[in-house]
Amino acid sequence: GAGVSQSPRYKVAKRGQDVALRCDPISGHVSLFWYQQALGQGPEFLTYFQNEAQLDKSGLPSDRFFAERPEGSVSTLKIQRTQQEDSAVYLCASSSGQASYEQYFGPGTRLTVT
Amino acid sequence: SQKIEQNSEALNIQEGKTATLTCNYTNYSPAYLQWYRQDPGRGPVFLLLIRENEKEKRKERLKVTFDTTLKQSLFHITASQPADSATYLCALQDTGRRALTFGSGTRLQVQP
């Protein structure tokens, strides 16, 4: 595809359930980022991959959050034992990782924990 | 602590006027500063990037300035159009780090 895609677009989970959010970056982009965006706020960094290597996970809020990118393309963000405070939009972005630093964002997954 | 401030109040202007949005930061020495546009229900879209050693960058009707002494960036949209109505986010990037730190954004409303 031409852009970053994410699935599902909307997810409702009961508190305590595990969820998995998927990101398909732009083909050939080596860098992949996950951000969390609360209503009315800017995106907050969660984690960064370069190819399959997770180089920065300093933004993950707790050990319930886990991300992977095993083949250096598609990435999955997993949240275990979801809590109400996890409700947010989860954005994925990719970047060519060469000389450019701009990031291309997907539409996001809106997670609601009830 | 590090802080990025954007005017949280919406900016309302008339079509054809120049919109100026402000991004101030403290306790930060960014190597790059980026501006993104975000429409409701969509992800941010990259607009412009300016480096710490650049004072000004232009692209069509957009202009960004970067003053590392004042720790401020200004984002201008000239000849604004209703289609420019959106939330505009500034984002800072440290040297050697790929993660972006975003401000909370300023909503711009251009009245026809």
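Given the criterion acidic (Asp, Glu), closer than 30 Å to residue A:34 by Cβ and more than 12 Å from chain A (Cβ to nearest Cβ), identify the matching residue among B:84, B:94. Outline the logic, then answer.
Working: B:94 fails: more than 12 Å from chain A (Cβ to nearest Cβ).
The match here is B:84.
Anything in segment B:42-85 that is β-branched (Val, Ile, Thr), in contact with a Lys or Arg (Cβ under 8 Å, 6 or more places away or on another chain) and open to solvent by 50 Å² or more (accessible area, probe 1.4 Å)? List them, or say none. Working first, answer last.
Filtering segment B:42-85 down to residues β-branched (Val, Ile, Thr) leaves B:45, B:50, B:64-65, B:68-69, B:77-78.
Filter again for in contact with a Lys or Arg (Cβ under 8 Å, 6 or more places away or on another chain), leaving B:45, B:50, B:64-65, B:77-78.
Within segment B:42-85, B:45, B:78 meet the criteria.
All conditions in (1) buried (at least 17 other Cβ atoms within 10 Å of the Cβ); (2) of a type in the set (D, E, K, R); (3) over 11 Å from residue A:34 (Cβ atoms) hold for residue A:85, with the sole exception of (1). Look at (1) farther than 29 Å from residue B:87 by Cβ; (2) crowded, with 22+ Cβ neighbours inside 10 Å; (3) not small (Gly, Ala, Ser) and you find that residue A:17 fails only one, number (2).
Among the listed residues A:68, A:44, identify the single one that is surrounded by 17 or more Cβ atoms within 10 Å (Cβ to Cβ), modelled with pLDDT of 95 or more and charged (D, E, K, R).
On the way: A:68 fails: surrounded by 17 or more Cβ atoms within 10 Å (Cβ to Cβ).
Among A:68, A:44, only A:44 is surrounded by 17 or more Cβ atoms within 10 Å (Cβ to Cβ), modelled with pLDDT of 95 or more and charged (D, E, K, R).
Residues in segment A:48-70 that are within 28 Å of residue B:105 (Cα to Cα), within 14 Å of chain B (Cβ to nearest Cβ) and either touching a residue at least 24 places away in the same chain (Cβ under 8 Å) or not in a strand (DSSP E or B) (or both): A:49, A:50, A:57, A:58, A:59, A:60, A:67.
Could you list, in sequence order, the residues of segment A:71-111 that are assigned to a strand (DSSP E or B) and within 14 Å of chain B (Cβ to nearest Cβ)?
A:88, A:89, A:90, A:91, A:92, A:93, A:94, A:95, A:104, A:105, A:109, A:110, listed by residue number.
The residue that is farthest from residue B:97 (Cα to Cα), among those in segment A:88-111 that are open to solvent by 60 Å² or more (accessible area, probe 1.4 Å) and at pLDDT 95 or above, is A:110.
Number of residues in segment A:71-82 that are within 11 Å of the chain's Cα centre (by Cα) and either open to solvent by less than 10 Å² (accessible area, probe 1.4 Å) or closer than 17 Å to residue A:51 by Cβ (or both) equals 5.
When restricted to residues that are open to solvent by 50 Å² or more (accessible area, probe 1.4 Å) and among the aliphatic types (A, V, I, L, M), segment B:12-41 contains 0.
Could you list, in sequence order, the residues of segment B:12-31 that are assigned to a loop (DSSP other than H, G, I, E, B) and at negative phi? Those that are assigned to a loop (DSSP other than H, G, I, E, B) and at negative phi: B:15, B:17, B:18, B:28, B:29, B:30, B:31.
Only one of the listed residues (B:9, B:54) is part of a loop (DSSP other than H, G, I, E, B), among the acidic types (Asp, Glu), in contact with a strand residue (DSSP E or B) (Cβ under 9 Å, 6 or more places away or on another chain) and farther than 25 Å from residue A:35 by Cβ. That residue is B:54.
Scanning segment B:32-41 finds one or more residues that are over 26 Å from residue B:82 (Cβ atoms) and in a strand (DSSP E or B).
The values are calculated or read from the model by the stated rules, or taken from the named source; none is laboratory data. Please read all numbers here as calculations on a predicted model, not as lab measurements. Because the Cβ atoms are built from the backbone with ideal geometry, glycine has one as well, and the counts that use them run over all protein chains shown. Ligands, DNA and RNA are stripped out before the accessible areas are found, and what is left, the full protein with its side chains, is counted by its heavy atoms. Shrake-Rupley method; radii C 1.70, N 1.55, O 1.52, S 1.80 Å.
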